[in-house]
Amino acid sequence: MKKIQVLFVFLLSTVATDAQSLHLGNCPQPPVQEDFNVTEYMGTWYEIEKLPALFERGKCVQATYSPLADGTVRVYNAELLSNGKINSIEGVARVKDPSQPAKLGVSFFKGVPDGPYWVLATDYQSYSLVYSCSDYLRLFHIDFAWILARTRDLPEDLVSRLHDDLAAAGVNVNRLKVTNQTGCDVMI
């Protein structure tokens, strides 16, 4: 038991230091987009706001989704680093359960379990609200949330409404960080 407590304190201090969103207990189960159509979701989405994430350090963050022949989705994430270089990663998303197509799993590395990617709300043409949460040791969970748009900005009233949706899902919206989407001409 002592080892688990030490591990938990270590993880908590590491995650808290790097501004991850760590919470005691299991992940919440917010409702997802009804009748989600993954085909309409394809294309490029720009990150407007997010919960802090260790794996995102740059600006101009964007994700491009495209269909693959086997029915999965190619995921291409890119960001502009402070040194002017583009950092990118490619992965695959798949619908985990056809009866809940808004709950996808995304994998960027072979042999590593898929990470959850739940579309809570989208109109496919202007905004998307995405949530991800993983439980650890049945003691705590780490969650991520993203407000995405088809353009590099969204009207404030829409962002405010999406904040309300996230709050209703149990997300601390005070921790959301605005993504810098200026000076992004070099991005594809």
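The values are calculated or read from the model by the stated rules, or taken from the named source; none is laboratory data. The structure presented is a predicted model; accordingly, all values stated were derived computationally and were not measured. Methodologically, a virtual Cβ is constructed for each residue, glycine included, from the backbone with ideal geometry; neighbour enumeration extends over all protein chains shown.
Looking across Glu90, Glu40, Glu47, Glu34, one residue alone is of a type in the set (Asp, Glu) and surrounded by 14 or more Cβ atoms within 10 Å (Cβ to Cβ). It is Glu47. When Ala69 is tested against (1) surrounded by fewer than 19 Cβ atoms within 10 Å (Cβ to Cβ); (2) under 14 Å from the mean Cα position of the chain (by Cα), exactly one condition is not met: (2).
Thr64 meets all of the listed conditions (1) in contact (Cβ under 8 Å) with a residue 24 or more places away in the chain; (2) under 16 Å from Thr44 (Cα atoms); (3) surrounded by fewer than 18 Cβ atoms within 10 Å (Cβ to Cβ); (4) touching a strand residue (DSSP E or B) at 6+ places or on another chain (Cβ under 8 Å) but one, namely (1).
Determine which member of the set Lys96, Lys50, Lys103 is basic (Lys, Arg), within 13 Å of the chain's Cα centre (by Cα) and over 24 Å from Thr182 (Cβ atoms). One residue alone meets the criteria, Lys103. Counting the residues of the stretch 123-156 that are surrounded by 15 or more Cβ atoms within 10 Å (Cβ to Cβ), of a type outside the set (D, E, K, R) and closer than 18 Å to Val173 by Cα gives 16.
With the condition kept exactly as written, say whether any residue in the stretch 53-62 is touching a helix residue (DSSP H, G or I) at 6+ places or on another chain (Cβ under 9 Å) and either part of a loop (DSSP other than H, G, I, E, B) or modelled with pLDDT of 95 or more (or both). Among the residues of the stretch 53-62, at least one is touching a helix residue (DSSP H, G or I) at 6+ places or on another chain (Cβ under 9 Å) and either part of a loop (DSSP other than H, G, I, E, B) or modelled with pLDDT of 95 or more (or both), which makes the answer yes.
Restricting Leu68, Leu7 to those that are among the aliphatic types (A, V, I, L, M) and at pLDDT below 95 reduces the list to Leu7.
Scanning the stretch 63-87 for residues that are closer than 17 Å to Tyr117 by Cα and assigned to a loop (DSSP other than H, G, I, E, B) yields Gly71, Thr72.
Taking the criterion of being charged (D, E, K, R) and touching a residue at least 12 places away in the same chain (Cβ under 8 Å), the residues of the stretch 107-149 that qualify are Asp114, Asp135, Arg138, Asp143.
Annotation: Val159 fulfils all but one of (1) under 17 Å from the mean Cα position of the chain (by Cα); (2) without any contact (Cβ under 8 Å) to a residue 60 or more places away in the chain; (3) farther than 19 Å from Val75 by Cα; (4) surrounded by fewer than 21 Cβ atoms within 10 Å (Cβ to Cβ); the unmet one is (2).
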